[in-house]
2 protein chains.
Amino acid sequence: MTNEFLTPAEMAAACSVSVDTLRYYEREGLLDDIARTSGGQRQYSSNDVAWVQVLRCLRATAMPIREMRAFAELVREGEAALADRLDLLANHRKRIVDQVAVLHDALELVDHKIEAYTAVLAGTPKVENAGQTRNPTLDGKGIRAS
Amino acid sequence: MTNEFLTPAEMAAACSVSVDTLRYYEREGLLDDIARTSGGQRQYSSNDVAWVQVLRCLRATAMPIREMRAFAELVREGEAALADRLDLLANHRKRIVDQVAVLHDALELVDHKIEAYTAVLAGTPKVENAGQTRNPTLDGKGIRAS
DNA sequence: CCTTGACCCGAAGTGCACTCCAGGTTGTTA
DNA sequence: TAACAACCTGGAGTGCACTTCGGGTCAAGG
């Protein structure tokens, strides 16, 4: 008979992390008060699932573990720490926006190169010195590049 | 009297990396044939600057060093490896696009939380159980959350 | 009861991308 | 020519986020 709790293996699957990572997060103070069976085995609730998913979202956007711990602690403190949590998330929001800008720039560079490569491969390079093997715009190494 | 070359310190500044990182990249096979003075000190060219900026762009979008090395090697091989380079960059392009999607999702989550926190702080929470201290949508920890 | 697989724990190990160190050389400036 | 910063090298060290290990415990099926 199944109940409302998830085993470690089920939890890991639900959050797309390893069981080890779950234990690691707990050790690091990111998770607290995980329910246990009488025998001491963990029983994760749906709240735990939601929380770990939030953590994974923060990690996926490069928030360091120690900052996630700070956030977890603020959540533990309740409403009193709401302003601090807002602050932390606002800072992180800015970092996310910065990352998007970096990715956008990179995408432009990569697309530019892909276009140039494709043109050369198709035998129709767009640049003036078309037939030559030296083309600085092609890969940023200029003189020796192809 | 200045010439067309940059000293290691100037190069580091021009590429926003440390001198150590420049040497590390060279050791790792990402840079080749850096010019030297008669005394053995490095002299970076503007081509080197452009190339390192490309490398930094790839790193900033999470390309591993070993893949950057593979790319550098393909560039060394010249036109013969153009198709392979195109392949590598196309793969990386996909990863960049995936990262953008992840950031976009994260931004939604963070914005949602920021909005919820702001509403509570302003005393005008949008949710039905407005006056209570338990609000699952606020931080993903439901029961114990504020 | 017995096996077997999932689970428990603290601690050690891993891979990555740098970063720092020690001891010596170069090169510019006073 | 003396001082001093910037440079050179190989190698060791760092911080991060996990991941693996070893030895023991728990729980469900046969």
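Only the coordinates and a few stated rules stand behind these numbers; no lab work does. Source: prediction; values computed, not measured. Because the Cβ atoms are built from the backbone with ideal geometry, glycine has one as well, and the counts that use them run over all protein chains shown.
Give me the distance in nm between label points sitting 7 Å out from Cα along the Cα-to-Cβ direction at B:Ala35 and A:Glu4, one decimal.
Taking the two extended label points, one gets 7.3 nm.
Quick check: from the Cα gyration tensor, does segment B:1-60 come out rounded (a/c under 1.5), prolate or oblate?
prolate
Going by the alpha-carbon gyration tensor, a ≥ b ≥ c the square roots of its eigenvalues, is the protein assembly as shown rounded (a/c under 1.5) or, if a/c is not under 1.5, prolate (a/b greater than b/c) versus oblate? Write out the running numbers ahead of the final one.
Numbers: a/c = 2.51, a/b = 2.35, b/c = 1.07.
Prolate is the answer for the protein assembly as shown, as a/c is 1.5 or above and a/b outweighs b/c.
Picking from B:Ser16, B:Ser38, B:Ser46, which is most flexible by a Gaussian network model of chain B using Cα springs under 10 Å?
B:Ser38
Sorting B:Leu86, B:Leu74 on the 10 Å Cβ count, fewest up front, what's the list?
B:Leu86, B:Leu74
Tell me which DSSP H helices of chain B clear both cut-offs, 15 Å or more of axial length from alpha-carbon atoms and a mean Kyte-Doolittle hydropathy of at least 0.5.
On the way: long enough: B:46-60 (21 Å, 0.34); B:65-77 (18 Å, -0.25); B:82-121 (57 Å, 0.17).
Counting only whole DSSP H runs, no helix qualifies.
Determine which aspartates and glutamates satisfy two conditions relative to B:Lys113: a Cα distance under 15 Å, and not lying fewer than 8 residues away in the same chain.
Reachable aspartates and glutamates: A:Glu79, A:Asp84, A:Asp87, B:Asp105, B:Asp139.
I need to check one value: relative contact order of chain B, counting alpha carbon pairs closer than 8 Å and at least 6 residues apart, in percent.
Details: 92 pairs, mean separation 19.4, N = 146.
Relative CO of chain B lands at 13 percent.
Calculated from DSSP H runs of 4 or more alone, at -39500 (n - 2.57) each and per residue, what is the 222 nm mean residue ellipticity of the protein assembly as shown, nearest 500?
Values: 12 runs with 177 residues, N = 292.
Counting only the DSSP helices, I get -20000 deg cm²/dmol.
First obtain the Kirkwood hydrodynamic radius of chain B from its Cα pairs, then insert it into the Stokes-Einstein equation at 20 °C and 1.002 mPa s, and state the resulting D in µm² per second as a whole number.
110
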